[in-house]
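The next block holds one structure in the form of structure tokens; read it before the comments.
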Amino acid sequence: MTALEKILREQIAASPGGLLPFASVMEKALYHPEHGYYGHGPRRIGRGGDFFTSVSTGPLFGKLLAMLARREWERLGQPADFALIEQGAHDGQLAEDILAALDIPGARYLLLEPNPRYREVQHQRLGDRVNWIESLDEAPAHAFYLSNELPDAFPVHLARWDGQNWLELHVDAALNLIPAEPSSPELAAEIEKLTRDLDPGHTMEISLAMLEWVKAFSQAPFRGSVFIADYGLDSEEFFTRPTGTLRRYRQHQTDDQILADLGESDLTTSINFTRLIAEAESHGLRVLDYDHQGRFLTRLAAPWLASLEGRGLDAATFRQFQSLTHPAIMGRSFRCLFLEKP
């Protein structure tokens, strides 16, 4: 039994009805300040960690995003108060890669990071090349807002169809999943949007936290654009996944043991991009591009590749480009969403 499991068992036993929504358990498993998977600070990524990201492949991903930021700065009329704002910057590696390639005179790089342990690690890497903000309310008038693999780590509620009703899955003191009524009106409203033409037992993730996040950046006081990269699916694809997409990662191995080793394993879920886009559009944002990462980055890189005039890429950069765009590696499992924020 992990230290967090002991804490959770005691907390659940003392809760009304002896149950907690799974989302509450997932939130503590990932973000408990002492015993959560991310609570201590940035986790190692790459071969020595539990997972790979686009940043793990090398600096090319950051270089391409620097190109996208430059394009957006030019589209906005080259404003003097332009800033890049990254949320979920982890250990600062992506920020470092973007800054190394960035060509926007006077642009600031801002990190939205509430965790002081993460800020310390980011400061060690980036020094005074960046500044930190507490919320998007501090954003300048013009900005390029970005996140890489952020909403997949938001706590999710679990809903299961029993053949007649959608019920929320809660967790009891023995760390078993127990179906019960939805824990909030907001969750009940989202459940009402789900189809009922499914086999009993079908399980879906619902990310209320993602919807709150979309609302936050949609209402932030900047004009510009939003870039989101993550692994995810469209709504109809979730209906082909009868057990849902929530999974546990530990040392590059994944399984469905979502209540095992709580606090010592990563928990993640695929993003419902259809729902994310609908929420963004409801707040006035407009989709500029949405596609599998491979196609998105290939289009983004096209002018740069053409400028090489037949010289081609060096071997290391070619390997990075292949890893980012090949359908069998990251090109299809990851998706990129690019939004205009008037």
(message) Against the definition (among the hydroxyl-bearing types (Ser, Thr, Tyr), open to solvent by less than 20 Å² (accessible area, probe 1.4 Å) and within 20 Å of the chain's Cα centre (by Cα)), how does SER235 come out, yes or no?
(response) no
(message) I need the full set of residues from segment 59-81 which are among the hydrophobic types (A, V, I, L, M, F, W, C) and open to solvent by less than 10 Å² (accessible area, probe 1.4 Å), in order please.
(response) LEU60, PHE61, LEU64, LEU65, ALA66, LEU68, ALA69
(request) Go through the residues of segment 262-277 one by one and say whether even a single one is over 18 Å from the mean Cα position of the chain (by Cα) and over 24 Å from LEU30 (Cβ atoms). (result) no
(request) List the number of the failed condition for GLU212; all other conditions in (1) loosely packed, with under 15 Cβ neighbours inside 10 Å; (2) under 24 Å from PRO342 (Cα atoms); (3) touching a residue at least 24 places away in the same chain (Cβ under 8 Å) hold. (result) (3)
(message) Criterion first (at pLDDT 95 or above and closer than 30 Å to GLU340 by Cβ) does ALA180 satisfy it?
(response) no
(message) Looking only at strands (runs of 3 or more DSSP E) that lie completely in segment 134-177, which have at least 3 residues being closer than 30 Å to ARG75 by Cα?
(response) 142-148
(request) Could you tell me which of the residues VAL226, VAL287 is within 30 Å of ARG75 (Cα to Cα), hydrophobic (A, V, I, L, M, F, W, C) and open to solvent by 30 Å² or more (accessible area, probe 1.4 Å)? (result) VAL287
(request) Could you please give the count of residues in segment 245-258 that are surrounded by 18 or more Cβ atoms within 10 Å (Cβ to Cβ) and in contact with a Lys or Arg (Cβ under 9 Å, 6 or more places away or on another chain)? (result) 1
(message) List pairs: first residue in segment 320-342 and touching a residue at least 60 places away in the same chain (Cβ under 8 Å), second residue among the charged types (D, E, K, R) and open to solvent by less than 60 Å² (accessible area, probe 1.4 Å) anywhere in the structure, Cβ distance under 6 angstrom, at least six positions apart or on different chains.
(response) PHE338/ASP289
(message) What are the pairs with Cβ atoms under 7 angstrom where one residue, in segment 284-295, is among the small types (Gly, Ala, Ser) and the other, located anywhere, is open to solvent by 30 Å² or more (accessible area, probe 1.4 Å)? Sequence gap at least six, or different chains.
(response) GLY284/PRO342; GLY294/HIS326; GLY294/PRO327; GLY294/ARG332
(request) Could you list all residues from segment 135-167 that are over 30 Å from LEU194 (Cβ atoms) and among the acidic types (Asp, Glu)? (result) ASP137, GLU138
(request) For LEU198, indicate whether it is open to solvent by less than 40 Å² (accessible area, probe 1.4 Å) and at positive phi. (result) no
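The values are calculated or read from the model by the stated rules, or taken from the named source; none is laboratory data. Note that the structure is predicted; figures quoted are calculated from it, not measured. FYI the Cβ positions are ideal-geometry reconstructions off the backbone, even for glycines, and counts take in every protein chain you see. These area figures cover heavy atoms from the full protein model, side chains too; ligands, DNA and RNA do not enter into them. Shrake-Rupley method; radii C 1.70, N 1.55, O 1.52, S 1.80 Å.
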